[in-house]
Amino acid sequence: MIAIKTFFKTHTLFSIYSVVFIILLNGVIETSGSKYVFNMFLFFIPLMIFYFGFTFAKNKKFKAFSYFKKTPNLLPDYSYLILTGICVFLVVGHLIHIGGSPGAKALTVMDTKGIVELRRNITSEASSLWNYLSSFNIKAILPFSLLLLAFKKKKLLFGILITIGAFYAFSLMQKSYILTVLFPIILLTLFYKKYLQSIGLFLICGIVIISLVYIQNPQMRGGVDNVTKIEIPLEDRVDSDLPYSIRVLIGLKHRILIVPGEMVSQWFQKIPKNKPFLHENGYGFICKIKGIKHVEYSKVLYPIIRPKYAARGLKGSVNTASFMYEYSNFGNTGLVLSALFLGFLLFFVESIFGNNMLLKTSLNLFPIFMLSSGALTTALFSGGWGLVIVLYYIFAREFSLESEKK
């Protein structure tokens with residue numbers, strides 16, 4: 001048991017990703033048997049080799065990654081105020097830019113089509129700059145700032161920022177945003193067994209989510225549902241005779257444990273059988289350099305993988321595990337290439353965070369689990385993971401000093 005704890009503390013991120021891989025492998029086997037097990041391990045075994053290879057060579061060749069620990073703290077004592085101010089500025093600036101809180105406006109909208117249009121306009125009518133800044137704030141700056149304020153025991157600022165963050169998540173009308181903002185701080189309270197605080201945070205999540213359900217369903221407040229529903233195929237429905245709570249749990253279990261692996265199987269099956277390998281043209285930044293159209297297989301494959309939904313007029317995307325994006329470009333060679341990229345990244349982030357298992361877990365758990373259904377570049381950039389790593393690098397001494405006081 002001690003050896004397991006030591007291994008997890010030293011290799012926290014690799015351990016977390018191993019759980020992600022097991023979930024993916026389970027879904028692959030459940031939906032396609034052993035057909036693609038070889039391909040799965042063609043990625044995971046090189047990942048192990050690269051990750052532990054980099055770790056083994058760290059002391060001789062990668063000492064630069066521990067350099068920040070030896071440098072003096074160049075941040076002023078009020079740096080947490082600056083970061084909090086940036087959060088508030090981005091929230092206020094974005095809401096002014098889009099003309100106020102869409103969530104609050106939705107209370108006066110009494111038809112479903114109006115609600116759908118209001119949600120769509122949040123991003124479509126905002127500039128690309130503000131969309132990016134909003135994403136970075138929700139996925140990185142806000143959750144990181146709350147964690148820093150909690151460590152520094154700035155209770156008043158923490159209370160103000162968590163109120164602003166909850167209102168902002170409500171305003172943007174996305175249920176997942178409040179979970180994204182509060183996830184790291186919830187893990188922190190659970191780790192320190194501050195269960196009353198955990199309950200309070202879960203309560204905030206519940207209030208925001210229930211409020212969004214209420215405003216997004218105008219028929220619950222005397223309005224009308226005037227959006228034509230597309231019937232779900234019978235084979236995709238959970239047994240309607242079961243209690244609602246049981247159906248929700250079954251659906252959630254399927255979504256978490258089966259669907260990510262199912263998408264991996266589907267991509268293996270459809271590429272290159274139905275769609276060719278893209279080579280480097282599956283990467284947006286390369287397409288911009290070459291001046292050609294970026295082909296997004298997550299959208300292109302939707303009508304092929306979900307033909308019954310597509311036939312009913314649904315449009316969507318079939319996102320998949322990060323390593324499948326390299327596979328869609330370069331085949332099995334891409335699986336090894338993806339293992340190299342991810343192995344180095346996990347090693348690099350482990351080097352940045354050191355043995356601080358709590359912060360490693362709270363700040364990186366969510367992004368790593370997102371790799372089960374999204375590209376690595378998406379997680380790093382628009383997903384905010386890269387910014388989280390940068391913020392921790394800058395504020396690492398702040399956390400260390402506060403830990404020493406405890």
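Just to make sure I understand: if all protein chains stay in place, what is the order of His279, His97 by accessible area at 1.4 Å, largest first?
His279, His97
Can you give me the C-alpha center-to-center distance between region 188-227 and region 1-40, rounded to a whole angstrom?
Each part's Cα centre sits 32 Å from the other's.
Could you give the accessible area per residue of region 274-406, probe 1.4 Å, as a whole number in Å²?
45 Å²
Using the Cα atoms of the chain to build a convex hull, what is its mean projected area in square nanometres?
With the hull built on Cα positions only, its mean projection is 23.1 nm².
Quick check: Cα centre of region 143-176 to Cα centre of region 260-292, how many Å?
38 Å
Students sometimes get this wrong: rank Lys35, Lys152 by accessible area, probe 1.4 Å, all chains present, largest first.
Ranked from most to least accessible, the order is Lys35, Lys152.
Given Thr180, Leu90, Gln197, which one lies farthest toward the positive end of the charge dipole of region 84-200, if we put +1 on the Cβ of every Lys and Arg and -1 on the Cβ of every Asp and Glu?
After comparing all options, I get Gln197.
5 Å is the cut-off here: which amide hydrogens, built 1.01 Å from N in the peptide plane, fall below it relative to Asp111, excluding neighbours closer than 5 in sequence?
Val224
Taking the Cα centre as origin and putting +1 on Lys and Arg beta-carbons and -1 on Asp and Glu beta-carbons, what dipole magnitude results for the chain, to the nearest 20 debye?
Magnitude of the dipole: close to 700 debye.
Which of rounded, prolate or oblate describes region 313-406 when judged by the alpha-carbon gyration tensor and an a/c cut-off of 1.5? Mind dumping the intermediate values first?
Working: a/c = 3.24, a/b = 1.96, b/c = 1.65.
Prolate is the answer for region 313-406, as a/c is 1.5 or above and a/b outweighs b/c.
Ignoring ligands, DNA and RNA, what percent of the accessible area of region 252-406 is carbon or sulfur (1.4 Å)? Write out the running numbers ahead of the final one.
Values: 4460 of 7110 Å².
Carbon and sulfur: 63 percent of the exposed surface of region 252-406.
When the Cα centres of region 339-354 and region 100-117 are compared, how far apart do they sit, in Å?
The two parts, judged by their Cα centres, are 43 Å apart.
Mind checking the full-extension length gain between Asn217 and His97? Use 0.36 nm per residue of separation minus the Cα-Cα distance, one decimal, nm.
Fully extending the segment from Asn217 to His97 adds 40.6 nm.
The values are calculated or read from the model by the stated rules, or taken from the named source; none is laboratory data. In this text the structure is predicted, and so the values were computed from the model without any measurement. Neighbour counts are summed over all protein chains in view; Cβ atoms, including those assigned to glycine, are modelled from backbone coordinates with ideal geometry. Side chains included, ligands, DNA and RNA excluded: accessible areas come from the protein's heavy atoms. Shrake-Rupley method; radii C 1.70, N 1.55, O 1.52, S 1.80 Å.
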